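The values are calculated or read from the model by the stated rules, or taken from the named source; none is laboratory data. What you see is a predicted model; the values in this text were computed from it and never measured. Ideal geometry is used to build each Cβ from the backbone, glycine not excepted, and the neighbour counts take in all protein chains shown. Accessible surface is based on the protein model in full, side chains and every heavy atom, while ligands, DNA and RNA are left aside. Shrake-Rupley method; radii C 1.70, N 1.55, O 1.52, S 1.80 Å.
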Amino acid sequence: MNTTVSRRLAILGSTGSIGHSTLDVVRTHRDRLSVVGLAAHNNWRKLYKQIEEFRPAVVALFSEEAAARLREALGPTSTVAVRTGMAGVLEVAALAEADTVVSALVGAVGLRPVLEAIAARKKICLANKEPLVVAGSLVTGAAREAGVPILPVDSEHSAIFQCLDDGEARFVDRLIITASGGPFRCHAPDRLSGVTPDEALRHPNWEMGGKITIDSATLMNKGLEVIEAHWLFGVPFDRISVVVHPQSIIHSMIEFRDGSILAQMGSPDMRLPIQYALSHPERWAASGKRTDLLALGSLTFEAPRREAFPCLELAYEAGRRGGNLPCLMNAANEVAVEAFLNRRLGFTAIPRVIRETMDSLPFTSTVTLAGLLEDDARARRRAAEIIAAPGAAAGGPVPETSTRAGPEGGQAA
Ligand SMILES: NC(=O)c1ccc[n+]([C@@H]2O[C@H](COP(=O)([O-])OP(=O)(O)OC[C@H]3O[C@@H](n4cnc5c(N)ncnc54)[C@H](OP(=O)(O)O)[C@@H]3O)[C@@H](O)[C@H]2O)c1
């Protein structure tokens, strides 16, 4: 097929790991891809280099101080518009010059920008999974109403999307999401309480930003992905399984009614799913490493260790109960992960902080954007209080049942 697709991109989170890989894909396909807008938080030096190379019309830095430094570095003759704050990020998300928005911010802060991009009818290439976790019904509802496609960038969801591309979705029985198991896959439970941020940041297969790398170590990332898959593909939670596959070559699978399973495979390189989201419905040549099956020798599968990594079950529970619970869980997780990275919280205390936050705030079954933004702020404050309480930093067992966990509490596989 001749190549027809060409895209003008706004990249939210351009200085992060996904942003970096996206720009690498742009370098490989300069004839098809151009960059018209970039947004980041603080890293003005990296953004400055990206401006020099890709010449976007508008950029935004959430931090006013960093934006001032960037303007100074660009000088008075620069034609690049530098915006700041959430208003600046929203402006880049809705940029008239862009037809496609790559959403690669980290955390729930990406919710308003992705809704803004949908309202402006941009094609969405979604890496930033937290907005779907927090407000899946609002995000997918808005996209449906605006007629805007959400193309998954997360490798697992890209895999499922690629397997489903033959239009046989109605015959699917189960989604099987693969997990690497993270750096502590084989750690005995008593070793987990003492693990350090440096150890947790050493992911065996993927190079990613700090937050998602810690989420991979706790298995919360897999839990977030289960909720993300539920919203992207409309599959109920009891038909979404998690299987540990330490080689990270099969990125996920779908099982049909008749027992047939389709898997998507490839090297663990985010440029592949990013490029697929950008090139869809075409496939472009890629410069990344090819998968050498003979060198791999074997692919293996295990059940996730649910007791050692309780975050996975917390996410199933939050996803099944729905309402504002995924929002509370996600906010508490973001605060707990940051505290762990700053050495204020032990690794095994992360799920306990999340459990306590989920249990101590009111549950609401129907959600609005304003309500969720309030819940997000409330849960962050509550999680911070729990972390600050005397003795909270050490890990302890996560209470088995909560006052609000119904009989439908989640099962992982
Ligand atoms: N990395 C991966 O391989 C991977 C794979 C699948 C899915 N994902 C998902 O993709 C998202 C991004 O992950 P990542 O690993 O690329 O994260 P990352 O390396 O930490 O990058 C995050 C990006 O978001 C920007 N940012 C953060 N807060 C912001 C704010 N308030 N306003 C504007 N920009 C802000 C950061 O800017 P500064 O640099 O200035 O702080 C940075 O550019 C996450 O949701 C993650 O779960 C990542």
Scope region 220-249; condition within 17 Å of PRO304 (Cβ to Cβ), of a type in the set (A, V, I, L, M) and open to solvent by 10 Å² or more (accessible area, probe 1.4 Å); matching residues: VAL243
Selection within region 118-136 - away from the ligand (no atom under 16 Å from the Cβ) and open to solvent by 10 Å² or more (accessible area, probe 1.4 Å): ALA119, ALA120, ARG121, LYS122, LYS123
Residue that is most open to solvent (accessible area, probe 1.4 Å), among those in region 102-117 that are over 18 Å from PHE233 (Cβ atoms) and among the β-branched types (Val, Ile, Thr): VAL106
Answer residue from region 249-296, given it is within 16 Å of the ligand (Cβ to nearest atom) and touching a Phe, Trp or Tyr at 6+ places or on another chain (Cβ under 7 Å) and is farthest from MET208 (Cα to Cα) among those: GLN275
Flag if SER252 is surrounded by 18 or more Cβ atoms within 10 Å (Cβ to Cβ) and farther than 30 Å from ALA393 by Cα: yes
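Residue-wise test of (1) at positive phi; (2) under 17 Å from the mean Cα position of the chain (by Cα); (3) away from the ligand (no atom under 14 Å from the Cβ); (4) not acidic (Asp, Glu).
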{"residue": "LEU9", "(1), (2), (3), (4)": "no, no, yes, yes"}
{"residue": "GLY19", "(1), (2), (3), (4)": "no, yes, no, yes"}
{"residue": "LEU23", "(1), (2), (3), (4)": "no, no, no, yes"}
{"residue": "THR28", "(1), (2), (3), (4)": "no, no, yes, yes"}
{"residue": "ASN42", "(1), (2), (3), (4)": "no, no, no, yes"}
{"residue": "PHE54", "(1), (2), (3), (4)": "no, no, yes, yes"}
Any chance SER260 is open to solvent by less than 70 Å² (accessible area, probe 1.4 Å) and free of Cβ contacts under 8 Å to residues at least 60 places away in the same chain: yes
Answer from HIS187, HIS157 - the residue that is under 19 Å from the mean Cα position of the chain (by Cα) and either in a helix (DSSP H, G or I) or not charged (D, E, K, R) (or both): HIS157
Residue among VAL148, VAL195 that alone is β-branched (Val, Ile, Thr), in contact (Cβ under 8 Å) with a residue 24 or more places away in the chain, assigned by TED's automatic domain parsing to the domain that holds VAL243 and over 18 Å from PRO304 (Cα atoms): VAL195
Which listed residue, of PHE347, PHE340, PHE309, is assigned to a helix (DSSP H, G or I), surrounded by 15 or more Cβ atoms within 10 Å (Cβ to Cβ) and at pLDDT 95 or above: PHE340
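Residue-by-condition table, conditions (1) open to solvent by less than 70 Å² (accessible area, probe 1.4 Å); (2) assigned to a helix (DSSP H, G or I); (3) more than 30 Å from PRO236 (Cβ to Cβ); (4) assigned by TED's automatic domain parsing to the domain that holds ALA332:
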{"position": "ASN42", "(1), (2), (3), (4)": "no, no, yes, no"}
{"position": "LYS49", "(1), (2), (3), (4)": "no, yes, yes, no"}
{"position": "ALA68", "(1), (2), (3), (4)": "yes, yes, yes, no"}
{"position": "GLU72", "(1), (2), (3), (4)": "no, yes, yes, no"}
{"position": "THR79", "(1), (2), (3), (4)": "no, no, yes, no"}
{"position": "ARG83", "(1), (2), (3), (4)": "no, no, yes, no"}
{"position": "LEU90", "(1), (2), (3), (4)": "yes, yes, yes, no"}
{"position": "LEU95", "(1), (2), (3), (4)": "yes, no, yes, no"}
{"position": "LEU138", "(1), (2), (3), (4)": "yes, yes, no, no"}
Selection within region 270-292 - over 22 Å from HIS245 (Cα atoms), open to solvent by 20 Å² or more (accessible area, probe 1.4 Å) and within 22 Å of the chain's Cα centre (by Cα): HIS280
All positions within region 194-212 that are assigned to a loop (DSSP other than H, G, I, E, B) and away from the ligand (no atom under 14 Å from the Cβ): GLY194, VAL195, THR196, ARG202
Filter result for SER267 (modelled with pLDDT under 95 and either within 30 Å of PRO149 (Cβ to Cβ) or open to solvent by 40 Å² or more (accessible area, probe 1.4 Å) (or both)): yes
Every residue from region 112-136 that is closer than 14 Å to GLU91 by Cα and either part of a helix (DSSP H, G or I) or not aliphatic (A, V, I, L, M) (or both): ARG112, PRO113, VAL114, LEU115, GLU116, ALA117, ILE118, ALA119, ARG121, LYS122
